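Asks: Would you mind keeping the following structure in view while I ask a few things?
The values are calculated or read from the model by the stated rules, or taken from the named source; none is laboratory data. What you are looking at is a predicted structure, and each value in this text was computed from that prediction instead of being measured. So basically every Cβ, Gly included, is an ideal-geometry build from the backbone, and we count neighbours across all protein chains shown. Ligands, DNA and RNA are stripped out before the accessible areas are found, and what is left, the full protein with its side chains, is counted by its heavy atoms. Shrake-Rupley method; radii C 1.70, N 1.55, O 1.52, S 1.80 Å.
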Amino acid sequence: MNSAMIKGTGYYVPKNVVTNEDLSKLMDTNSEWIIERTGIKERRWIDNDDESTSSMALEASKNAITDAGIDKSEIDFIIFATLSPDYYFPGPGVTLQKELDIDTIGALDVRNQCSGFLYALSIADQYIKTGMYNNILVVGSEYHSGGLDKTTRGRGVSVIFGDGAGAAIVSKSPDKNRGILSTHLHSQGEHAEELALIGPSTRRWVPEIIDNEGKDDQSIYPYMNGTFVFKQAVTRFPQVIGEALQQNNLQTTDIDLLIPHQANLRISQFVQRSMKLTDDQVFNNIQKYGNTTAASIPIALAEAKLEGRVKEGDLICLAAFGSGFTWASALIRW
Ligand code: ACO
């Protein structure tokens, strides 16, 4: 059995910076409230028609390909995680495949929201382990800003989310002791509606929305039961990280860097405290980008690597929790 490693990482965020002060001009909010509750100071929001979920994914992918030192022709599969694809159908994998202009390789779409990148990484891990593929492009990209309720009515959700993309090249490891040690995936569909976008769907078709309440229909905006999500997240993160450590006979003190899904700084800090991790052991960049859902872990991983916080031999733990609910972890000997 092969071992799979992350050979290259890359990210891309739109140029347009939206500060908390900018938001306070759109809705009744203020920077103190947002920073105290979420840690977010600014986020990137697409402000032009040229950018999309796919175009951001393309830029992140190019950076990951360069970082991996391979040619794009060496990629033999794409796995794309997002909750905000360019189109209702077809999925985002094929739009990225077209933009990358890489032959006719397979492209798979993953719909697991904040845990999407880890679900995708887990699939890539299995394909590499079995020898089916050699280099897999795993991408998370989200274009949230176009679909948020940017009025006071939507402030509890819209201040949290940002746009961006992150990518990784997952390849066969030359050393069996290096690479992805294990992945752990969970879900609990009974809470599907606690963090969801119900509106444009086969339960609520677009023509039906237009015919009824139109713009006033709340179901066209994301809904989040914030307090419930918070409580579940701070329980599931430590559980799934603990599961990964236990499977590999490792302790929290062995972790060189935990990169949690950037849901909310308060959630990450709660997890850090409850697991007795030091500041050096946890990476956060939500302050700059907000919550970018499936993109948050690959963006953070790429940035942590650029900052020299991910080095060969390090034990890296990735963990996520989000809509579904879904939660997941991956333990990697870098
Ligand atoms: N600015 C100012 N006031 C606001 C804002 C805002 N942006 N949003 C809500 N408020 C108001 C509310 O209207 C409410 O006012 P009221 O008391 O007059 O009714 C008051 O602030 C408190 O609202 P709550 O919703 O109770 O605020 P809470 O302290 O619970 O914080 C938050 C909300 C930040 C969402 C919190 O529940 C939380 O941290 N939840 C975790 C969920 C999360 O972060 N999810 C991230 C995305 S999901 C994921 O990735 C897993």
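Asks: Could you compute the FRET efficiency for THR130 and GLU312, with r as their C-beta to C-beta distance and R0 at 22 Å, rounded to 0.05?
Replies: 0.30
Asks: Gaussian network model of the chain, Cα springs within a sub-10 Å range: biggest mean-square fluctuation belongs to which of LEU23, LEU137, LEU301?
Replies: LEU23
Asks: Run the reach check for LYS288 against lysines, Cα to Cα strictly under 27 Å, same-chain hits fewer than 8 apart removed. What comes back?
Replies: The reachable lysines, counting only those whose Cα sits under 27 Å from LYS288, are LYS7, LYS15, LYS25, LYS41, LYS62, LYS150, LYS231, LYS276, LYS305, LYS311.
Asks: Lys and Arg at +1, Asp and Glu at -1: add these up for the other residues within a Cβ distance under 10 Å of GLY8 and post the number.
Replies: +1
Asks: Assuming R0 = 30 Å, what is the FRET efficiency of ASP217 and GLN239, from their Cβ-Cβ distance, to the nearest 0.05?
Replies: Efficiency, from the Cβ-Cβ distance: 0.25.
Asks: Would you mind counting up the charge near GLY226? Only other residues with Cβ under 15 Å from its Cβ, with Lys and Arg at +1 and Asp and Glu at -1.
Replies: +1
Asks: When DSSP beta bridges are limited to those with both residues in the chain, what percentage is antiparallel, rounded to the nearest 5?
Replies: The antiparallel fraction comes to roughly 70 percent.
Asks: Next question. Quick one: if the Förster radius is 35 Å, what FRET efficiency do ASN249 and GLU190 give, using the C-beta to C-beta distance and rounding to 0.05?
Replies: Efficiency, rounded to the nearest 0.05: 0.60.
Asks: For the chain, find the longest principal axis of its Cα atoms and tell me its angle to the long axis of helix 53-68, 0 to 90°, nearest 10.
Replies: Helix 53-68 sits roughly 20 degrees off the main axis of the chain.
Asks: What does a probe at MET27 reach in segment 135-161, counting residues whose amide N is under 17 Å from the point 7 Å along Cα→Cβ?
Replies: 143-161
Asks: Extending each Cα 7 Å along its Cβ direction at ASP50 and PHE89, get the distance between those two points in nm, one decimal.
Replies: According to this spin-label approximation, the distance is 3.3 nm.
Asks: With a 1.4 Å probe and every protein chain kept in, tell me what percent of the accessible surface of segment 114-264 is carbon plus sulfur.
Replies: The computed percentage sits at 49.
Asks: Here's another thing I want to ask about it. Compute a Gaussian network model of the chain, connecting alpha carbons closer than 10 Å, and tell me which residue from ALA196, ALA81, ALA294 fluctuates the most.
Replies: Among ALA196, ALA81, ALA294, the largest mean-square fluctuation in the Gaussian network model of the chain belongs to ALA196.
Asks: Let me ask something else. Cut-off 10 angstrom, C-alpha nodes, Gaussian network model of the chain. Which of VAL110, VAL157, VAL138 fluctuates the most?
Replies: VAL157
Asks: Using Cα positions and a limit of under 12 Å, work out the aspartates and glutamates in reach of LYS72, with same-chain residues fewer than 8 apart set aside.
Replies: GLU99, ASP101, ASP103
Asks: Can you pull the accessible area of LEU148 for me, 1.4 Å probe, Å² to the nearest 10?
Replies: Result for LEU148: roughly 10 Å² accessible.
Asks: Another one. Taking the mean number of other Cβ atoms within 10 Å as a proxy for protection, how do you rank 58-69, 163-174 from highest to lowest?
Replies: Averaged packing, sorted descending, gives the order 163-174, 58-69.
Asks: Could you order peptides 286-292, 14-20 by the average number of other Cβ atoms within 10 Å of their residues, highest first?
Replies: Going from most to least packed, we get 286-292, 14-20.
Asks: Please give every one of the aspartates and glutamates within straight-line cross-link reach of LYS172, meaning a C-alpha to C-alpha distance under 13 Å, and leave out same-chain neighbours fewer than 8 residues apart.
Replies: Here the aspartates and glutamates satisfying the reach criterion relative to LYS172 are GLU74, ASP76, ASP125.
Asks: Can you tell me the 0 to 90 degree angle between the C-alpha axis of helix 116-130 and the longest principal axis of the chain, rounded to 10?
Replies: 20 degrees
Asks: Counting helices only, and only those DSSP H runs with n ≥ 4, report the 222 nm mean residue ellipticity of the chain as the sum of -39,500 (n - 2.57) divided by its residues, in deg cm²/dmol to the nearest 500.
Replies: Using -39500 (n - 2.57) per qualifying helix, the result is -10000 deg cm²/dmol.
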